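One structure is given below, encoded as structure tokens.
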Amino acid sequence: MSTIFRKGPLPRYYQLKEIMREKMRIGEWKPGDLIPSERELGEVYGISRMTARQAITELVNEGLFYREQGKGTFVSQHKITQQLIHLTGFTEDIGARGQRPGTKVLSAKMVPADEKIAQILRLEPGELIFCLQRLRLADEEPLAVEQSHLHFKGCERLLEEDLEKNSLYRLLETKYGQPLMFAEQELEAGLVSEENTLLLNVPLGSPALFTRRTTYSERDIPIEYARSVYCGSKYTFYTSLKRDQ
Ligand code: 16G
């Protein structure tokens, strides 16, 4: 989308927000870039300054832009937005922003599933699952600690993979014959634990976003249950909501 439609259900400021989000997503606008002024945006897209201002203000409030007195509005350095619309993995999300995704494997092993995880992955407690703990980075900056629990036939072969160089989602889909169909995800606010403050390089007491995601393969079979801690100060989750007609 790069034009603003005058007719249709979507308000113009909203359409402009989507256009600007897309520019950041594809890396046309990078962190630290000065964005065009309200007047310039108004001229380019044929909308009023007020409309452009509303779109910019909302993206400032969401943490994607920041304003500097007398200088203008810039693309934020630190906040990464993860959309909650399409099922995408970390590597895809960060790459789409023009940043370099990075992974440090903290541990990778086969472990017996505890009751909770067995229930989520629809197994018997004690069945072996692949448990992977990773620190996830963007342009060398630590963003999240993720703990993934996986179960499918042959999952123990993941022990031999280079999971610092390869995206897990990509491996699942291209090498392990596990198409990723959908996921369920919960978000919860909290504080980064003492142990994770070191990994994430944030001060003790920093805000955290805890996520729990269950990802399903074909025939609604759950194959991954991931618990992650994202730095609250560096991450925004974005979703778009349509009202039932
Ligand atoms: C996301 C998923 C995580 C998945 C990873 C795959 C959340 C909360 N979690 O980070 O469950 O393992 O993507 O990323 O979004 P990868 O393909 O880069 O390994």
>> Restricting to DSSP loop positions (anything but H, G, I, E, B) with no more than 12 other Cβ atoms inside 10 Å of their own Cβ, which GluC sites (Glu not before Pro) remain in the range 25-117?
In response: 28
>> Sort 17-25, 46-54 by packing, meaning the average of other beta carbons within 10 Å per residue, with the highest value first.
In response: 17-25, 46-54
> Under 5 Å between amide H atoms, partner at least 5 residues away or on a different chain: which partners does residue 223 have, H built in plane at 1.01 Å?
Replying inline: 215, 216, 217
>> Can you tally the net charge around residue 42? Count Lys and Arg as +1, Asp and Glu as -1, for every other residue whose Cβ sits under 15 Å from the Cβ of residue 42.
In response: +3
> Charges only on Cβ, +1 for Lys and Arg, -1 for Asp and Glu: so what's the dipole of the range 102-229 about the Cα centre, in debye to the nearest 20?
Replying inline: 220
> Which of 24, 199, 167 sits farthest toward the positive end of the charge dipole of the chain, with +1 on the Cβ of Lys and Arg and -1 on the Cβ of Asp and Glu?
Replying inline: 24
> In sequence order, what are the phi-derived ³J(HN,Hα) couplings for the range 99-110 according to the Karplus relation 6.51 cos²θ - 1.76 cosθ + 1.60 with θ = phi - 60°, rounded to whole Hz, with x for glycine and proline?
Replying inline: 9, 9, x, x, 9, 10, 7, 8, 6, 8, 7, 8
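Tell me the trypsin sites (Lys or Arg not before Pro) within the range 162-205 that lie in a loop according to DSSP and have at most 10 other beta-carbon atoms within 10 Å. Don't jump to the answer; show the numbers that get you there.
Values: sites: 165, 170, 175; in loops: 165, 175.
Sparse-neighbourhood loop trypsin sites (Lys or Arg not before Pro): 165.
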> Per the Kirkwood formula on distinct C-alpha pairs, the Rh of the chain is how many angstrom?
Replying inline: 19.8
> Hey, got the dipole for the chain? About the Cα centre, +1 on K and R Cβ, -1 on D and E Cβ, debye to the nearest 20?
Replying inline: 980
>> Using +1 at the C-beta of Lys and Arg and -1 at the C-beta of Asp and Glu, which of 236, 14, 182 has the Cα lying farthest in the positive direction of the dipole of the chain?
In response: 14
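Every read-out reported here was derived from the displayed coordinates using simple, explicitly stated rules and does not represent laboratory data. Note that the coordinates shown come from a computational prediction; the quantities given were computed from them, not determined experimentally. With ideal geometry, Cβ positions are generated from the backbone for all residues, glycine too; neighbour counts draw on all protein chains shown.
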